[in-house]
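Worksheet for the structure shown next.
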Amino acid sequence: MTMIDIIIILIYLTLGSILLITLWSVVKRLRTTGKMSGTKNGIPVTKINVTVNIIVLTLLASTFFLTWTASKDTGGDGNVSEIWLRITNMFVTTGLFVLALAIVATIAGAVMIGKPKELLTSLLHFKGRHGKNRKRGEP
């Protein structure tokens, strides 16, 4: 057994343990979600958690299965595994979708509570440590 074989085995063991820990975490969260009360301060927490989990899992599955896996010429030897192309594209695309959804949700929340101007000004104007606008040279 060569060093490369040992490294590959360690990579697969790490990947398998990560998948098992993730599965355990999801099962634990789903069990505790059912025991939580549905709302906190008038916000439907359980409903939001379940919806976000379903959206992320749907995005992960759809981006994995709908990935175009034709290898691209990147100057390498061309030995690119289809599974790694799918996994990489799945995480990148899902991450971008979730980021876009978070931005849209933030803007929609500000519009719904009637304070889009305050959101925009807080994003554009950084205030100092004590909430005051500072001039250059001031401590």
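List of remarks:
- Within the range 91-139, if we keep just the residues that are more than 30 Å from N53 (Cβ to Cβ) and open to solvent by less than 90 Å² (accessible area, probe 1.4 Å), the residue that is modelled with the highest pLDDT turns out to be T121.
- Hits in the range 1-55 - residues which are of a type in the set (S, T, N, Q), part of a loop (DSSP other than H, G, I, E, B) and at pLDDT below 85: S37, T39, N41
The values are calculated or read from the model by the stated rules, or taken from the named source; none is laboratory data. Quick caveat, the model's predicted, so the values are computed rather than measured. All Cβ positions, glycine included, derive from the backbone under ideal geometry; neighbour counts span all protein chains shown. For the accessible areas, the whole protein counts, side chains as well, though only heavy atoms, and no ligand, DNA or RNA atoms are used. Shrake-Rupley method; radii C 1.70, N 1.55, O 1.52, S 1.80 Å.
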